[in-house]
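Just below is one structure, and these are the notes that go with it.
The values are calculated or read from the model by the stated rules, or taken from the named source; none is laboratory data. Values in this document were obtained by computation on a predicted structure and should not be read as measured data. Because the Cβ atoms are built from the backbone with ideal geometry, glycine has one as well, and the counts that use them run over all protein chains shown.
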Amino acid sequence: MESIAGSLLSLAYRIFQPGFCPGDWVWATSMAGLLMGLWPVFGALVIAIVRKFTGNRYTGAPLIAIGAIAVVTVLVMPWLLATGISGIYRDVFAGGTGGLTQTDVANMSREYCFVGPQTEYLGGGQNIYETLFYPSGDSLAYGYYLGGLVGLPILTLLAVMLLGRVALRRGPKWPGRFVWGSYVAFVLLSAGVEANTAIHLWLGFLPAVILGIIPVAIVGAPSWSTIQRSDSPPEPRPARPEPQRRPEPEPPQRQYAPTAVAPPPPVAAAAAVPAAANGSDGRFERIRKLGQGGFGTVWQARDTQLGRTVALKIAHVTDQETQERMRREARALAMLSHPNCVRVYDLVEEHDGMALVMEYLEGRSLADTVDTGGALDDMSAGKLWATLAGALSAAHEKDVLHRDMKPSNVILDPQGLPHLIDFGIARSAGDAKLTATGMMIGTPDYTAPEIAEGSTATPASDAWQLAATVSFALSGHPPRGTRETPMAALMAAARAEPASQLPRQSVHARLLRASLDPQPRNRPTLAAVEREIGGWLSRIGASADGPVTQIVPRSQ
């Protein structure tokens, strides 16, 4: 390896050898450190390119490739080059050539300013370990070595960590441990390098890593469609059909004389239960009307049998399609078990129609909260986004789509925690598409472009509408602005008009623009959004859990 280190050192000397203090070979050492620092940059570039195709698939071959690239480019190659260069200088100081030409060796013996002979300065002193733990000079010299041998590696560590984060954008940051962990191992293993040589190597290594962040950033992160493919679980392999076996002949049955068996005693017919008994007029005592829409009316009611307050959603009409829609919503909610999704208790018959009995959530809608109290700050909106992304992800895992995400369907309870309600047009993946003629799917201001065009809803549609809801929470306006009529808003959605009311001063503006992309394949998945927002919240010392807003009692 010394021959490669000698070639690198000679190349650095040919590139940069100014004839002034502290000496041409000292400057060439810093240039060699800069060339040596290109190895981690090269490794980060390769990792970024690999992620262009693999996304966030950190299992198996991609993970092994990332780890191997980091170890080779950040640990092995820099350590071999550093020890090789230090060995060359020590060999020259001992009277050898170190693989250099006689002219180079002669030039290395020249004296410069405070350095003196460069051969002694670069190859005749103590190594890093001896300098730090067995100092032989005064306190001023020890402070110099402490800054050069400890301060410079720490600054370089920060640059290497940033380099790894840039290469791992739009994904979990834990694989970056391969990068900075390899660098820490390189620093520790370099304890035997000559101290003066190490300082000048670090002086070139540090700017190389800092400048290397630029090309890694230009390579960019993987597309959201690649991330979405990597986040989706692998399809199960079809089961291999078992070979059919020829049935074995049954053994001959012994014949028995028939025995008279007494017939079972007649069972009394169960008393007929009227259909209305499950939800009779006397069971639910209606307290007040909570809301009314095109589909039905929601009441706050008291369950007299169980003694609890519930929300009673009653359909306006009782035709077959309405009943099927109510059953579909009940099935969708019954499959969910998430603390931020409203729970369904029962599906009953009331005197004025079929009713869905749901959990009653005390609080205000996000729409009312923003209209009366103003827009949310970045931290509150981040908590809202991460929490509801988790709730929708739980629904999607059960193959349930919401399809009507909007601010009025988010309830903030007295503790300020958000809850997702009204799965009134939710549909399971296996259900047939039930849409009455002329019925609008969703709310136009918060409808994804593909839904407005008549395409089938997908999890990406829910992700778009959640981003639109968060944009409203930050700005107080729908992302496409407010139109005069619902039809105008629907046409704007169908034309995929760009968002004009985004909160541009928010830290979430970039992620909002990506989530509101007209093309579903370009949007980040809810899992990616949850990771991005969770990472940002952790960096500012906050948690995704907890209240979105602080409810102030009326007395205050």
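Below is a table of values for the structure above.
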quantity: Search result, residues across the range 136-179 that are without any contact (Cβ under 8 Å) to a residue 24 or more places away in the chain and surrounded by 19 or more Cβ atoms within 10 Å (Cβ to Cβ); calculated: Gly176
quantity: Residue within the range 15-22 that is in the same structural domain as Ala195 (by TED's automatic domain parsing) and in a helix (DSSP H, G or I) present; calculated: yes
quantity: Some residue of the range 391-403 being under 17 Å from Leu474 (Cβ atoms) and either assigned to a helix (DSSP H, G or I) or of a type in the set (S, T, N, Q) (or both); calculated: no
quantity: All helices (runs of 4 or more DSSP H) inside the range 92-204 with 1 or more residues being of a type in the set (Gly, Ala, Ser); calculated: 102-108, 118-123, 139-146, 152-167, 176-189
quantity: All positions within the range 63-81 that are among the small types (Gly, Ala, Ser) and surrounded by fewer than 22 Cβ atoms within 10 Å (Cβ to Cβ); calculated: Ala65, Gly67, Ala68
quantity: Filter result for Val470 (buried (at least 16 other Cβ atoms within 10 Å of the Cβ), of a type in the set (Val, Ile, Thr), modelled with pLDDT of 90 or more and in contact with a helix residue (DSSP H, G or I) (Cβ under 9 Å, 6 or more places away or on another chain)); calculated: yes
quantity: The range 360-398 - residue that is charged (D, E, K, R) and touching a residue at least 60 places away in the same chain (Cβ under 8 Å) and, of those, farthest from Lys289 (Cα to Cα); calculated: Asp378
quantity: Residues (closer than 21 Å to Ile411 by Cβ and outside any loop (DSSP other than H, G, I, E, B)) located in the range 465-491; calculated: Gln465, Leu466, Ala467, Ala468, Thr469, Val470, Ser471, Phe472, Ala473, Leu474, Ser475
quantity: Residues of the range 86-133 satisfying the condition of being surrounded by fewer than 21 Cβ atoms within 10 Å (Cβ to Cβ), touching a Gly at 6+ places or on another chain (Cβ under 6 Å) and farther than 18 Å from Pro18 by Cβ; calculated: Arg90, Asp91, Gly99, Asn127
quantity: Gly220 at positive phi and modelled with pLDDT under 95; calculated: yes
quantity: Residue match in the range 489-499 (condition: in contact with an Asp or Glu (Cβ under 6 Å, 6 or more places away or on another chain) and at negative phi); calculated: yes
quantity: Any chance Leu34 is surrounded by fewer than 23 Cβ atoms within 10 Å (Cβ to Cβ), over 30 Å from Ala527 (Cα atoms) and in contact (Cβ under 8 Å) with a residue 40 or more places away in the chain; calculated: yes
quantity: Condition broken by Ser461, with the remaining ones in (1) of a type outside the set (A, V, I, L, M, F, W, C); (2) out of contact with any strand residue (DSSP E or B) (no Cβ under 8 Å at 6 or more places or on another chain); (3) buried (at least 16 other Cβ atoms within 10 Å of the Cβ); (4) under 23 Å from Leu420 (Cα atoms) satisfied; calculated: (2)
quantity: Unique match (being at pLDDT below 90 and either in a helix (DSSP H, G or I) or among the charged types (D, E, K, R) (or both)) among Ile451, Ile441; calculated: Ile451
quantity: Sole residue being outside any helix (DSSP H, G or I) and in contact with a helix residue (DSSP H, G or I) (Cβ under 9 Å, 6 or more places away or on another chain), chosen from Glu497, Glu532; calculated: Glu497
quantity: Pairs where the first residue, in the range 180-199, is over 12 Å from Pro78 (Cα atoms) and the second is surrounded by 24 or more Cβ atoms within 10 Å (Cβ to Cβ) and of a type in the set (Phe, Trp, Tyr), C-beta under 6 Å, 6+ apart; calculated: Asn196/Tyr121; Thr197/Tyr89
quantity: Residue check for Phe42: among the aromatic types (Phe, Trp, Tyr), surrounded by fewer than 20 Cβ atoms within 10 Å (Cβ to Cβ) and closer than 30 Å to Val166 by Cα; calculated: yes
quantity: Selection status of Gly67, at pLDDT below 95, closer than 30 Å to Val216 by Cα and either in contact with an Asp or Glu (Cβ under 6 Å, 6 or more places away or on another chain) or assigned to a helix (DSSP H, G or I) (or both); calculated: yes
quantity: From the options Tyr134, Tyr121, residue that is in contact with a strand residue (DSSP E or B) (Cβ under 9 Å, 6 or more places away or on another chain) and aromatic (Phe, Trp, Tyr); calculated: Tyr121
quantity: Members of the range 517-534 found to be among the small types (Gly, Ala, Ser) and either surrounded by fewer than 21 Cβ atoms within 10 Å (Cβ to Cβ) or free of Cβ contacts under 8 Å to residues at least 12 places away in the same chain (or both), listed by number; calculated: Ala527, Gly534
quantity: Test result for Ile4, in a helix (DSSP H, G or I) and at pLDDT below 90; calculated: yes
